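Have a look at the structure below before the remarks.
Throughout, read-outs are computed from the coordinates displayed, never taken from laboratory work. Predicted, not measured: the structure shown is a model, and the values here were computed from it. Positions of Cβ are backbone-derived with ideal geometry, glycine not excepted, and every protein chain shown enters the neighbour counts.
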Amino acid sequence: MTEAIHPIQLGVGGIELHGRAARLDAAQESGLEYLHELGLDPYVVVSRHKGPGGHVIRYRLSEAFAHDWAPQYDSTMLCRKLGLDVVNKSDDLDREIVLAMLLGPVAFSYPNIEELESAVRVRRNIVQNARKTALAFDTEEAERPTEYWSYSEATGFILNPGKPIIAALQAATQPDASGKLYSFSCYRATEYVLLLGLAQELARSNPKLLSQLQHQWETRAIMSGPFHDAFLKEYGTLNEPLPMRYYVPGDRVWFRNPDEPSSNAEGYEGSWVIYMGDGLFTNFWKRDQPFNLTTKCVELYHWRHATFMGKNGKLQVDDNIVDDRVRQSLTSPAEIERILKEMLRLREPAGVYVNGGCIDATREYVRCIRPGTAEIYLPDGGDDKKK
């Protein structure tokens, strides 16, 4: 199985903080202090340059450690290489998040250290919430706990009066909070998990924006493309794709179904997931069985073997057949290698099904959220919305 080689380039990517010329030393020191708290400062190279928007301080994992810990940008092995316990130790999860950002091929740019700290906490929240999320898969029907949510065609699911958005999102996605599994598509599920992680950090660092978020969801839900535009940044492109094994905990990730016939079944065009770190991706339908890159590729591969025409005249996929096929394939190293050779390739552009795989060129993460530097715009969030 051959993958594209992405040589690590020192001085490109990593984490960037912006600063005024007169305060560059203080800005640089604030970044180093944060890295020192995580025990990562000995492994980092610091540089300065002048960009289009002013002076920039770049923090990057040194080339030697990057090659040792994440060869060819493979961030999925960081936990095992470094013995991090990201499930039971939140500091270790923060370390994995920051390490993955430090070695990244594309720069994560922030106006100040406070935005970086919030960004890491948002990612931590997203991962921890993703682990708790368990849902019932349904592409046509959707339901939410009626104590918190009401639905109309015009607004989507909105909050009932007086119901706080954090508790409402937890009740909808976490059966430990509600005692029930609610029906979601995988795309909408990722939106709720991302929104919950964002709202939890807003409660700490920007209560005014949290209030506006609350008002927005009391008025009208933001979904799909508008959700992406309002809350997320996308990094990587089809022309300059991210390395196939590079992920940062808290990223939203899309795996494309490269088989055109089965991709016509609603809900099986691809699979939206959250990267939880330690090489694992969410499985919202069986949260105790998260995917790794191999099992995700094998699952998508077998969708093509489980399609059938339903009584309603729509193409459908029998997940029980998929599960059986996956179990059989995973018992054969030769079969796994054959499937990965086909699937572990970059996806093709929309509408093209020739020789591509299931790996997307891009990832998505939450925008800046701090007062004065937030990049989030809420169309119905009340006055002074862009804060």
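Where does the charge balance sit around Ala134 when Lys and Arg score +1, Asp and Glu -1, over other residues with C-beta under 9 Å from its C-beta?
Details: positive: Lys132, Lys286, Arg287; negative: Asp176, Asp288.
Here the count lands on +1.
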Working from the pairwise distances between different alpha carbons, so that the mean of 1/r is found and then inverted, what is the chain's Kirkwood radius in Å? 21.9 Å
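Would you kindly give the portion of the calculated P(r) for the range 214-371 that falls above 26 Å, as a percent of all Cα pairs? Intermediate results must be reported in sequence, preceding the final value.
On the way: 4008 of 12403 pairs.
Beyond 26 Å sits 32 percent of the P(r) for the range 214-371.
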GNM, the chain, Cα, under 10 Å: largest mean-square fluctuation among Arg23, Arg48, Arg60? Arg23
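For the range 120-202, what number results from the quotient of the Cα radius of gyration and 2.2 N^0.38 Å?
Values: Rg = 12.1 Å, N = 83, 2.2 N^0.38 = 11.8 Å.
Its radius of gyration relative to the 2.2 N^0.38 Å reference: 1.03.
What whole-number volume per residue, in cubic angstrom, does the convex hull of the C-alpha atoms of the range 154-257 give? Show your work: numbers first, answer last.
Details: hull volume 15.8 nm³, N = 104.
Convex hull of Cα atoms, per residue: 152 Å³.
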Listed pairs Lys89/Lys163; Lys233/Lys314; Lys163/Lys208; Lys296/Lys341 exceeding 23 Å between Cα atoms: Lys89/Lys163; Lys233/Lys314
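So if I take the alpha carbon set of the range 206-260, get Rg, then get Rh from the Kirkwood formula, what is the Rg over Rh ratio?
Working: Rg = 15.7 Å, Rh = 14.4 Å.
Dividing the radius of gyration by the Kirkwood radius yields 1.10.
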If amide H atoms are modeled at 1.01 Å from N in the peptide plane, then the residues at a separation of 5 or more from Leu232, or on another chain, having amide H under 5 Å from its own are Arg367
Residues whose modelled amide H sits under 5 Å from the amide H of Tyr182, counting only those 5 or more places away in sequence or on another chain, are Ala136
What does the net charge come to around Ser262 if you take all other residues with beta carbon closer than 10 Å to its beta carbon, with K and R at +1 and D and E at -1? -2
With bins of 5 Å, the percent of all Cα-Cα pairs of the range 290-365 per bin from 0 is 3, 15, 20, 22, 19, 13, 7, 1
